[in-house]
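Notes to accompany the following structure.
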Amino acid sequence: MRSSPIQAWWRAGSFGAVLLLAGSLPAFASDHLDTPTVTADPAADIGDLYAWTSADGRRLELVMTIVGKRFSDRLQYVFHVDSGARFGKTTASTAVVCRFDAAQIAECWAGEADYVHGDASGAAGLEGRNRRFRVFAGLRDDPFFNNVKGTRAAYNVAAAALQTGAAVDAAGCPSFDAATTGGILDQWRHTEGGPGSNLLAGWQTAALVVSIDLDLVGRDGDLLAVWAAVYKP
């Protein structure tokens, strides 16, 4: 078994994180265009991170989407899964590391427990040599629903209320009346007065999907902290 090469690389500055209990509802995070570094290289920019346990409670399902439409052969894409018995007390960590060549051939490690190498873009992905994890890497429609125009209209309602004297507490958080709150929510549910529309409909991203045995990543407890990062030389 080849060892994971993550220790030889530096983090590129794009990451996302979620917390979940094994067997609980899904968790997700969204983070786009973080810094000038990742904005200049879409293949380094993590768009969304999703994590949930399978229906049978045996596997952790992980998804990382990349703003670019392909994976870089100069970067590593890494899921970190920490486990513990209590919040803030994780004591074990597993890294799932993937890298790609110019032809988009994947090479992935599940800690020291399993390894895959090959074209992972088929619908079934690639199963690890020891059957401890499975990897898919390829183009998929972006799963995030983004009603940009409705969001902007909602912001405008909030901004107008602030300009006309809406109360703000010591932390800078506004307190809107029921009418303003209703107006904000109504704008957020619609696009230019009609049904909410998804600006990202049909927009494809590079998706890295991993299904890994839960006992491999949850060694020290049922509370899992999942975060993802992109690393460069």
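When V116, V168 are checked against the criterion of being in contact with a strand residue (DSSP E or B) (Cβ under 9 Å, 6 or more places away or on another chain), of a type in the set (A, V, I, L, M) and surrounded by 12 or more Cβ atoms within 10 Å (Cβ to Cβ), V116 stands alone in meeting it. Just one of the listed residues (A207, A229, A161, A225) is surrounded by 17 or more Cβ atoms within 10 Å (Cβ to Cβ), free of Cβ contacts under 8 Å to residues at least 40 places away in the same chain and in contact with a strand residue (DSSP E or B) (Cβ under 8 Å, 6 or more places away or on another chain), and it is A161.
Of the residues making up the range 183-191, not a single one is within 30 Å of R99 (Cα to Cα) and either charged (D, E, K, R) or in contact (Cβ under 8 Å) with a residue 40 or more places away in the chain (or both). Name the single residue that is farthest from F71 (Cα to Cα) among those in the range 91-111 being touching a residue at least 60 places away in the same chain (Cβ under 8 Å) and more than 20 Å from the chain's Cα centre (by Cα). For the range 91-111, the residue satisfying everything is T91. When the range 150-166 is filtered for residues that are in contact with an Asp or Glu (Cβ under 9 Å, 6 or more places away or on another chain) and more than 27 Å from G194 (Cβ to Cβ), only A166 remains. Among the conditions (1) under 21 Å from the mean Cα position of the chain (by Cα); (2) modelled with pLDDT of 95 or more, D141 misses just one, which is (2). When the range 188-223 is filtered for residues that are closer than 21 Å to G128 by Cβ and over 15 Å from the mean Cα position of the chain (by Cα), the ones remaining, listed by number, are I212, D213, L214, D215, L216, V217, G218, R219.
Of all the criteria given as (1) surrounded by 15 or more Cβ atoms within 10 Å (Cβ to Cβ); (2) modelled with pLDDT of 95 or more, the one not satisfied by G84 is (2).
Somewhere in the range 130-143, is a residue without any contact (Cβ under 8 Å) to a residue 24 or more places away in the chain and of a type outside the set (K, R)? Yes, the range 130-143 contains a residue that is without any contact (Cβ under 8 Å) to a residue 24 or more places away in the chain and of a type outside the set (K, R). Checking each residue in the range 63-92 for being more than 22 Å from K232 (Cβ to Cβ) and either of a type in the set (G, A, S) or assigned to a loop (DSSP other than H, G, I, E, B) (or both) picks out S83, G84, A85, R86, F87, G88, K89, A92.
The values are calculated or read from the model by the stated rules, or taken from the named source; none is laboratory data. A quick note: this is a predicted structure, and the numbers were derived from the prediction, not measured. Because the Cβ atoms are built from the backbone with ideal geometry, glycine has one as well, and the counts that use them run over all protein chains shown.
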